Amino acid sequence: GAGVSQSPSNKVTEKGKDVELRCDPISGHTALYWYRQSLGQGLEFLIYFQGNSAPDKSGLPSDRFSAERTGGSVSTLTIQRTQQEDSAVYLCASSPDRSGYGYTFGSGTRLTVV
Amino acid sequence: KNQVEQSPQSLIILEGKNCTLQCNYTVSPFSNLRWYKQDTGRGPVSLTIMTFSENTKSNGRYTATLDADTKQSSLHITASQLSDSASYICVVSSFSGGYNKLIFGAGTRLAVHP
């Protein structure tokens, strides 16, 4: 597609439920990143995928968070047993390669845990 | 610890006026510095990218400066318009672990009033 597409745009879930957030990167972009943006905070790095290499998971805040990228394209971020502190905007970005140039963000998924 | 600090946290100006946003960073190693504009409910969009050797870069009414010695950057907006109302995020890129990692400031929220 023309840009990075994320779905859903908004998600309200009950505490304790699992959620899946989806990211469709720009076609041909080998690098994909997930970030979390809490109110008044800078973007917090979660995870990075590059081609078929092992992902950099160093930013995942707990083992309730996981992500996968199938076929080097679409990525899914899964949060298990959601907590209220998980409420935030989850942003996905992709770039053509590991240089970081050509970085493009999606519009994000606003997650609210009630 | 790698950090990017921005000031002011928020700013209100009248349409047509100029303003300057500040960014200080302690990031090593340094690859480049970027300014992004983030409209409400949207992902960040790149305004400028500057490498170590670049002192200034313009994009229309936006002019960014970089002093790599003092590790400071500024974003100057000329003849502000209502559409400039957004968050402006300073981002420093650092090559580590085989790819360029982005370290985000918390942003300056700019409101342009008629």
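List the lysines whose Cα sits under 19 Å from the Cα of B:LYS71, skipping any in the same chain fewer than 8 residues away.
Those lysines meeting the cut-off are B:LYS1, B:LYS57, B:LYS101.
Which three extents, in whole angstrom, do the alpha-carbon atoms of the protein assembly as shown cover along their principal axes, largest first?
47, 38, 35
Give me the number: length gained by fully extending A:SER53 to A:ARG22, i.e. 0.36 nm times residue separation minus the C-alpha to C-alpha distance, one decimal in nm.
Result for the pair: 9.1 nm of gain on full extension.
Tell me, what ³J(HN,Hα) does each residue in the range B:71-77 have, in order and in whole Hz, if you take phi through Karplus 6.51 cos²θ - 1.76 cosθ + 1.60 with θ = phi - 60° and put x for Gly and Pro?
Those phi angles translate into 6, 10, 9, 9, 10, 9, 10 Hz.
Over all directions, the average projected area of the alpha-carbon convex hull for chain A comes to how many nm²?
6.6
Could you run the Karplus curve 6.51 cos²θ - 1.76 cosθ + 1.60 with θ = phi - 60° over the range B:7-17 and give me ³J(HN,Hα) per residue in whole Hz, x for Gly and Pro?
Coupling constants for the range B:7-17: 8, x, 5, 8, 8, 10, 9, 8, 3, x, 7 Hz.
Can you give the FRET efficiency for A:VAL74 and B:LYS1, using 1/(1 + (r/R0)^6), R0 = 35 Å, r = Cβ-Cβ distance, to the nearest 0.05?
Between A:VAL74 and B:LYS1 the formula returns 0.55.
Average the reciprocal distances over every distinct pair of alpha-carbons in the range A:1-51, invert the result, and give the Kirkwood radius in Å.
Value: 13.0 Å, from the Cα pair sum.
Using only the Cα atoms of chain B, what do you get for the radius of gyration and for Dmax, in Å?
Using the Cα atoms of chain B, the pair Rg, Dmax is 13.7, 47 Å.
Rounded to the nearest 20 debye, what is the charge dipole size of chain B about its Cα centre when +1 sits on each Lys and Arg Cβ and -1 on each Asp and Glu Cβ?
Dipole size: approximately 200 debye.
Throughout, read-outs are computed from the coordinates displayed, never taken from laboratory work. Since we're looking at a predicted model, the values are computed, not measured. Positions of Cβ are generated from backbone atoms using ideal geometry, with glycine treated the same way; all protein chains shown enter the neighbour counts.
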